[in-house]
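What follows is a single structure, written as structure tokens, with notes after it.
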Amino acid sequence: MYRLIYYGCSYGLLGSILMIYTIKIDSTIILDLRFLAVTIVCLYAGMVSAIIAACIIGVMRLLLFGITASGIIGAATIIVMALLSGWTVRLPYRPFIRFQLMNSISLLCVFFSLSFLFKDIKHAATIIIYLLPASFIGGCLVYLVGRYIYVSRVTTSQHKELSKMFSVMVQNAKTGTMIETPEREVAVINQTFCDMFDIPEPPNQYIGLESNQLFLSHAPMLKDPARFLKTVESTVYSKESIVDEEITFINGKIYARDYIPIYEGHVYIGHYWEYRDITEKKKAECDLRKANKKLEMLSMKDGLTGLNNRRSLDKQLEIEWEYARKEKEPLSFLLFDIDYFKAYNDTYGHIQGDECLKEVANIAKSVVFDESAFVARYGGEEFGILLPRANQYEAKRTGRNRISVYSHHKEADSNV
């Protein structure tokens, strides 16, 4: 409502000013374009503003030129114009068409007023004919000026709203944000940015300062300050966007940095920096990698004996076979089992049977001296030893060593 009153008063003042540059037809009758102020405010602010403007113009008509019959008719006519313009402005036409319709209706009102005052329609029509070009040309000029003011006001209002929304969004963002001018001066900086870089002062104290000094003063917080500063300079120079560049701090925190060069059309107008704390995310990723590695290792090991299992043996055999084929190297594989294991297991029980399997696994590992050898539990009481680059004689020697060690253990422990 305040806005409607403001526009009504403003254009009422405009109409009053137009009366100063009026054409006197006789001692009491004047002619001017004051109605254009009513029609233009009605077009962009509505009927209420138009009526307020009309009332002000009517009162000023009486104050400036006296309370006469023509003055009263003129004041009443301008109010009628406002009411008719308020009805016309609702028609579903383009703004310029509606404005010219209101202009034409206002001229008709002037015509009827002059006809009533002169008691002569022809004389009134002659005056209107002279007034018509001035009304149309003046109306066009008033429309253009009014349109410019209206669009400018709307645009300014939108910019203010967007600026306010952007400011609130940046200040409440959970990411550290800083926007620089092309000259590297701080234009926007939020509290999160200050918190992330341990800046004690409020953000508004850094507006207008050189951002490079800000980076220099806080670079020692990083593990590699020289690389950080060099990256900032090279990024600004190249004006190429970066995403998720990791920055590690001395205290163990890890930030992801984004950079976006800001363009308006083809004109470069600034730099946008955004920092996100990804310390917890990186820790979770590290823990997940460790867990996956552990799971993978467990999936390749035999749970009872600790040896490689059948799955890992098959995978390793495929790798070594391909290598031996390409390099024309020998490859040997020993497969052995425990004689009478079922009878032993049935006699002494599963617990003792498991101990027997563990003992044989340890023997199998002890007889292998080549680090490239691959010892695995093949399944049940069967075991395998993969010997890369070992010929049949070396494989036989390993087998005999196994038998010899096993015999020694058998003599030392009668339970095996």
| said: Given the options S113, S104, S157, name the one that is among the small types (G, A, S), closer than 26 Å to V267 by Cβ and out of contact with any Leu (no Cβ under 6 Å at 6 or more places or on another chain). | reply: S157
| Residue that is farthest from I40 (Cα to Cα), among those in the stretch 94-111 that are without any contact (Cβ under 8 Å) to a residue 24 or more places away in the chain and part of a helix (DSSP H, G or I) | F111
| note | Apart from one, (1) surrounded by fewer than 18 Cβ atoms within 10 Å (Cβ to Cβ); (2) in a helix (DSSP H, G or I); (3) among the hydrophobic types (A, V, I, L, M, F, W, C) all hold for L91; the odd one out is (2)
| request: Out of N251, N292, report the one residue that is closer than 19 Å to F193 by Cα, modelled with pLDDT under 90 and either in contact with a helix residue (DSSP H, G or I) (Cβ under 7 Å, 6 or more places away or on another chain) or not aromatic (F, W, Y) (or both). | output: N251
| request: Please state which one of R389, R377 is on the phi > 0 side of the Ramachandran plot and basic (K, R). | output: R389
| said: Restricting to the stretch 291-311, count the residues that are over 17 Å from A361 (Cβ atoms) and of a type in the set (K, R). | reply: 2
| Residue that is surrounded by the fewest Cβ atoms within 10 Å (Cβ to Cβ), among those in the stretch 205-221 that are in a loop (DSSP other than H, G, I, E, B) and among the aliphatic types (A, V, I, L, M) | I207
| Pair list, Cβ < 7 Å and 6+ apart or interchain, from the stretch 198-215 residues that are under 23 Å from D277 (Cβ atoms) to residues that are of a type outside the set (K, R) and in a loop (DSSP other than H, G, I, E, B) | P203/N190
| query | Going through the stretch 188-220 one residue at a time, which ones are more than 22 Å from D244 (Cβ to Cβ) and out of contact with any helix residue (DSSP H, G or I) (no Cβ under 9 Å at 6 or more places or on another chain)? | reply | N204, Q205, I207, G208, L209, E210, Q213, S217, P220
| query | S312 passes all but one of (1) more than 21 Å from P388 (Cα to Cα); (2) under 47 Å from the mean Cα position of the chain (by Cα); which number fails? | reply | (1)
| said: Quick check on the stretch 371-393. Is at least one of its residues in contact with a Ser or Thr (Cβ under 8 Å, 6 or more places away or on another chain) and part of a helix (DSSP H, G or I)? | reply: yes
| Is it the case that some residue within the stretch 222-244 is in a strand (DSSP E or B), β-branched (V, I, T) and either at pLDDT below 90 or within 20 Å of the chain's Cα centre (by Cα) (or both)? | yes
| task | Have a look at G176, G208 and point out the one that is out of contact with any Gly (no Cβ under 6 Å at 6 or more places or on another chain), modelled with pLDDT of 85 or more and on the phi < 0 side of the Ramachandran plot. | result | G176
| request: Kindly list the number of the only condition in (1) in contact with a Ser or Thr (Cβ under 9 Å, 6 or more places away or on another chain); (2) free of Cβ contacts under 8 Å to residues at least 40 places away in the same chain that fails for Y255. | output: (2)
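Residues checked against (1) outside the structural domain of P261 (by TED's automatic domain parsing); (2) within 30 Å of E233 (Cα to Cα); (3) surrounded by 19 or more Cβ atoms within 10 Å (Cβ to Cβ):
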| position | (1), (2), (3) |
| --- | --- |
| K160 | yes, no, no |
| S163 | yes, yes, no |
| M178 | no, yes, yes |
| V186 | no, yes, yes |
| F193 | no, yes, yes |
| P203 | no, yes, yes |
| remark: Within the stretch 246-259, the residues that are surrounded by 14 or more Cβ atoms within 10 Å (Cβ to Cβ) and of a type in the set (D, E, K, R) are K253, R257, D258
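Could you please find all residues in the stretch 379-401 being of a type in the set (F, W, Y) and out of contact with any helix residue (DSSP H, G or I) (no Cβ under 6 Å at 6 or more places or on another chain)? Let's see the steps before the verdict.
Keep residues of the stretch 379-401 that are of a type in the set (F, W, Y), which gives 383, 393.
Across the stretch 379-401, the qualifying residue is only Y393.
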| said: Would you confirm whether or not the stretch 15-34 contains a residue that is surrounded by 19 or more Cβ atoms within 10 Å (Cβ to Cβ), at pLDDT below 80, within 51 Å of the chain's Cα centre (by Cα) and part of a helix (DSSP H, G or I)? | reply: yes
| Within the stretch 298-355, can you find the residues that are under 13 Å from V375 (Cβ atoms) and part of a helix (DSSP H, G or I)? | R310, S312, L313, Q316, L317
| For F383: the one exception among (1) more than 18 Å from T398 (Cα to Cα); (2) in contact (Cβ under 8 Å) with a residue 60 or more places away in the chain; (3) aromatic (F, W, Y) | (1)
| Within the stretch 369-390, which residues are out of contact with any Gly (no Cβ under 6 Å at 6 or more places or on another chain), surrounded by 13 or more Cβ atoms within 10 Å (Cβ to Cβ) and within 17 Å of E320 (Cα to Cα)? | D370, A373, F374, V375, G384, I385, L386, L387, P388, R389, A390
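The values are calculated or read from the model by the stated rules, or taken from the named source; none is laboratory data. Keep in mind the model is a prediction, meaning the values are calculated, not measured. With ideal geometry, Cβ positions are generated from the backbone for all residues, glycine too; neighbour counts draw on all protein chains shown.
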